[in-house]
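The values are calculated or read from the model by the stated rules, or taken from the named source; none is laboratory data. Predicted, not measured: the structure shown is a model, and the values here were computed from it. For neighbour counting, all protein chains shown are included, and Cβ atoms are generated from backbone atoms with ideal geometry for every residue, glycine included. The area values use the complete protein model at the heavy-atom level, side chains included, leaving out ligands, DNA and RNA. Shrake-Rupley method; radii C 1.70, N 1.55, O 1.52, S 1.80 Å.
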Amino acid sequence: MPFTFEGKAAMMERALGSAGISILCQDARLSIFYAENLPPHFAALFMPGGSDAALFGDAHGRYLTALKHKVLETGIPNNAEVEIDVDGERRTYELKIQRTGERGAHGLLSVMTEVTESRHREKVLKSLLRELSHRSKNLLAIIQGIATQTARNTLSLDSFLLKFRGRLQSLSNSQDLITDSSWRGAYLFELAEKQFAPYWPETAGSMPIYGINAHLTPNAAVHLGLALHELIVNSASFGAISGGAASITLNCREAMINDRKAIEVAWAEVLHDQSEVHEFSDNSFGRTVLERVVPSSVNGKAELNLVPGRIEYRLTIPETEFEIFKRV
């Protein structure tokens, strides 16, 4: 049985409703003579013969009127977006506008859809891309600094490659944790375990990480990771780890810095042969990282003590670079 005109109209109305599409028809004077499937807040304002200003507000009305006159004059379709406050929520609508009718009896058809969610996703994506670009530039600057300083403090290509690759791997390990958290940062214990893992002997038992499991900002995680790498590699080459002994502790506790809350990350290592053996000479890159680069990057302070048979390092990180959590 063929559909009646009324049946087809009802089907069309249901189709528009399910697709979230609204239709506005205007004559050459831009008087709205027909509307279909308007959202409730627009439907309450609609009156046959009304204007864009009555439906969308004065500011949007002026903008749409100028745009629609241009479509009427040229016959070239155009798009517009309007943002409307609805019950305290900002909503965005897209209008696709085209001329209709024959010469001398032109009108306009506007197909309107709500694009609030898609525009929000686009803004979030753009924000994430800007953040990614910013972080990538920072990361490249850190890598450039590592390459320059490593080359300055090594005498052979083989030595440079060995140290540079190790430092890049340390940076990569920290970055993995940061990326996994959607760039929110990393927990101190996980960061330390990631840095220890390639060097910690299986016979030495569990990794010596104690105290507060602070959640670090991405910036603090990257730079603390670099500091831990220098301490751990030195220990694996000359110190406690090289001797298979677990005479290392890494402890995090609450502290103060310039009347602000902070945490202090403290490394204490007893050297295997009780002699002062380490790579932290006055001009070494490792020492520069520990005493200058890392504390400056986190707006904190650091102290490296090298005494016979013992290495101590304390890094104080202000509250702007972490949140405090207790280890479970």
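Can you pull out every residue in the stretch 207-243 that is aliphatic (A, V, I, L, M), at pLDDT below 90 and part of a loop (DSSP other than H, G, I, E, B)?
Met207, Ala240, Ile241
Candidates Ala66, Ala53: the one that is part of a helix (DSSP H, G or I) and over 19 Å from Ser22 (Cα atoms) is Ala66. When the residues of the stretch 167-187 are filtered to those that are of a type in the set (Ser, Thr, Tyr) and in a loop (DSSP other than H, G, I, E, B), the one that is modelled with the lowest pLDDT is Ser182. Annotation note: Cβ proximity below 9 Å between a residue of the stretch 32-45 that is within 14 Å of Gly20 (Cα to Cα) and a residue that is assigned to a helix (DSSP H, G or I) and of a type in the set (Asp, Glu) (sequence gap 6+ or interchain) occurs for Glu36/Glu13; Asn37/Glu13. Scanning the stretch 93-100 turns up at least one residue that is touching a Phe, Trp or Tyr at 6+ places or on another chain (Cβ under 9 Å), under 30 Å from Asp52 (Cβ atoms) and aromatic (Phe, Trp, Tyr). Quick check: is even one residue across the stretch 126-133 in contact with a strand residue (DSSP E or B) (Cβ under 6 Å, 6 or more places away or on another chain) and at pLDDT 85 or above? No, the stretch 126-133 contains no residue that is in contact with a strand residue (DSSP E or B) (Cβ under 6 Å, 6 or more places away or on another chain) and at pLDDT 85 or above.
Would you pick out the residues in the stretch 74-93 that are surrounded by fewer than 17 Cβ atoms within 10 Å (Cβ to Cβ) and in contact with a strand residue (DSSP E or B) (Cβ under 9 Å, 6 or more places away or on another chain)? Let's see the steps before the verdict.
Within the stretch 74-93, the subset surrounded by fewer than 17 Cβ atoms within 10 Å (Cβ to Cβ) is 74-79, 81, 83, 85-90, 92.
Matches in the stretch 74-93: Thr74, Gly75, Ile76, Pro77, Asn78, Asn79, Glu81, Glu83, Asp85, Arg90, Thr92.
Figure legend. Inter-residue proximity from the stretch 199-220: first residues closer than 19 Å to Leu171 by Cβ and open to solvent by less than 30 Å² (accessible area, probe 1.4 Å), second residues among the charged types (D, E, K, R) and in a helix (DSSP H, G or I), beta-carbon distance below 8 Å, spacing 6+ or different chains. Indicated pairs: Leu216/Glu321; Pro218/Arg135; Ala220/Glu321.
Looking for something open to solvent by 50 Å² or more (accessible area, probe 1.4 Å) and part of a strand (DSSP E or B) - is there at least one such residue anywhere in the stretch 260-267?
Initial filter on the stretch 260-267 (open to solvent by 50 Å² or more (accessible area, probe 1.4 Å)): 260-261.
From the residues that got through so far, the ones that are part of a strand (DSSP E or B) too are 260-261.
Among the residues of the stretch 260-267, at least one is open to solvent by 50 Å² or more (accessible area, probe 1.4 Å) and part of a strand (DSSP E or B), which makes the answer yes.
Under 7 Å between Cβ atoms, at least 6 apart or on separate chains: pull out the pairs that start in the stretch 182-195 with a residue that is in contact (Cβ under 8 Å) with a residue 60 or more places away in the chain and surrounded by 20 or more Cβ atoms within 10 Å (Cβ to Cβ) and end on any residue that is aliphatic (A, V, I, L, M) and assigned to a loop (DSSP other than H, G, I, E, B). Going by the 7 Å Cβ cut-off, the qualifying pairs are Leu188/Ala214. One residue stands out among those in the stretch 279-297 that are in a helix (DSSP H, G or I) and charged (D, E, K, R): the one that is least open to solvent (accessible area, probe 1.4 Å), which is Arg287.
Across the stretch 188-206, which residue is farthest from the chain's Cα centre (by Cα) among those that are part of a helix (DSSP H, G or I) and modelled with pLDDT under 90?
Going residue by residue through the stretch 188-206, those that are part of a helix (DSSP H, G or I) are 188-196, 202-204.
Applying the additional criterion that residues be modelled with pLDDT under 90 yields 202-204.
Values: Glu202: 36, Thr203: 39, Ala204: 37 Å.
It comes out as Thr203.
Taking the stretch 31-44 as the range and being out of contact with any Leu (no Cβ under 7 Å at 6 or more places or on another chain) and under 14 Å from Phe56 (Cα atoms) as the test, the residues that pass are Ser31, Leu38, Pro39, Pro40, His41, Ala43, Ala44.
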